[in-house]
1. Filter the range 98-134 down to residues that are part of a loop (DSSP other than H, G, I, E, B) and of a type in the set (A, V, I, L, M, F, W, C), then give me how many there are.
2. Do you know which residues across the range 37-55 are more than 13 Å from R25 (Cα to Cα) and polar (S, T, N, Q)?
3. Residues in the range 80-101 that are surrounded by 12 or more Cβ atoms within 10 Å (Cβ to Cβ), modelled with pLDDT under 90 and more than 12 Å from the chain's Cα centre (by Cα): how many?
4. Being part of a strand (DSSP E or B) and surrounded by fewer than 16 Cβ atoms within 10 Å (Cβ to Cβ) is the filter; apply it to the range 6-52 and report the residue that is modelled with the lowest pLDDT.
5. Please go through the range 114-136 and pick out each residue that is among the hydrophobic types (A, V, I, L, M, F, W, C), buried (at least 21 other Cβ atoms within 10 Å of the Cβ) and out of contact with any His (no Cβ under 8 Å at 6 or more places or on another chain).
6. Quick one: which residue in V95, V55 is closer than 23 Å to P143 by Cα and part of a helix (DSSP H, G or I)?
7. Hey, A73 hits all of (1) within 18 Å of V112 (Cβ to Cβ); (2) in contact with a helix residue (DSSP H, G or I) (Cβ under 8 Å, 6 or more places away or on another chain); (3) small (G, A, S) but one; which does it fall short on?
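The values are calculated or read from the model by the stated rules, or taken from the named source; none is laboratory data. The structure displayed is predicted, hence computed values, not measured ones. Here the Cβ positions follow ideal geometry from the backbone for every residue, glycine too, while neighbour counts run over all protein chains shown.
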Amino acid sequence: MAEYNEDAYKLARKAYIEYSCPFERALLSRCVACSRSRKLNLAEREAIACGDPDVRTHCQSFYQALHDNAQFALKINSDAPWPFGKEIRAQCGGVRGLAEALGNAGDEATDVAASVLAGRSRHGETAAFPYSEIMRAVVHYEPRKRRS
């Protein structure tokens, strides 16, 4: 059996995906949805690309603000890489928490781009989002258990 070349995959991914989605892990785990995302298959893997570069900048800003605010809530050192489980909690819980703070249902049907745009419409910049409410959802979000 041939060995898998991770470097070749990363190069192909970079060439094929012009705008990556900052919430790709949340979308792949299906804890939220996004009307602007595009699902791709690369080397027997699923990937998510953003279909709207203008909205992506707002999502990227929210993603960064989530990470900045979630470090304390999830007890993460700012210099350390984020473990997968905590990344999922930040992404899924963060998007669902934003939707709930806006008065919507925070569930697997929550649209990332729509929630970010609605938050910007109500609060202005992403820095003004209600992160104290959002962090409660991040802390309480439980990823689904692995199948045994």
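1. Of all residues in the range 98-134, those part of a loop (DSSP other than H, G, I, E, B) come to 102-110, 124-125, 129-130.
Now drop any that are not of a type in the set (A, V, I, L, M, F, W, C), which leaves 102, 105, 109, 129.
Looking only at that region, the number is 4.
2. Result: N41, single match.
3. Counting residues in the range 80-101 that are surrounded by 12 or more Cβ atoms within 10 Å (Cβ to Cβ), modelled with pLDDT under 90 and more than 12 Å from the chain's Cα centre (by Cα) gives 1.
4. From the range 6-52, those part of a strand (DSSP E or B) are 20, 33, 37-42, 45-50; that's our starting set.
Next cut, surrounded by fewer than 16 Cβ atoms within 10 Å (Cβ to Cβ) only: 20, 38-42, 45-46.
On the way: S20: 84, R38: 86, K39: 87, L40: 82, N41: 77, L42: 74, R45: 77, E46: 83.
In this case the residue turns out to be L42.
5. Step one: filter the range 114-136 for residues among the hydrophobic types (A, V, I, L, M, F, W, C), giving 114, 116-118, 127-129, 134-135.
Narrowing the set further to residues that are buried (at least 21 other Cβ atoms within 10 Å of the Cβ) leaves 116, 129, 134.
I134 - this is the single residue of the range 114-136 that is among the hydrophobic types (A, V, I, L, M, F, W, C), buried (at least 21 other Cβ atoms within 10 Å of the Cβ) and out of contact with any His (no Cβ under 8 Å at 6 or more places or on another chain).
6. Details: V55 fails: closer than 23 Å to P143 by Cα.
Just a single option satisfies the conditions, and that option is V95.
7. Checking A73 against (1) within 18 Å of V112 (Cβ to Cβ); (2) in contact with a helix residue (DSSP H, G or I) (Cβ under 8 Å, 6 or more places away or on another chain); (3) small (G, A, S), the one that fails is (1).
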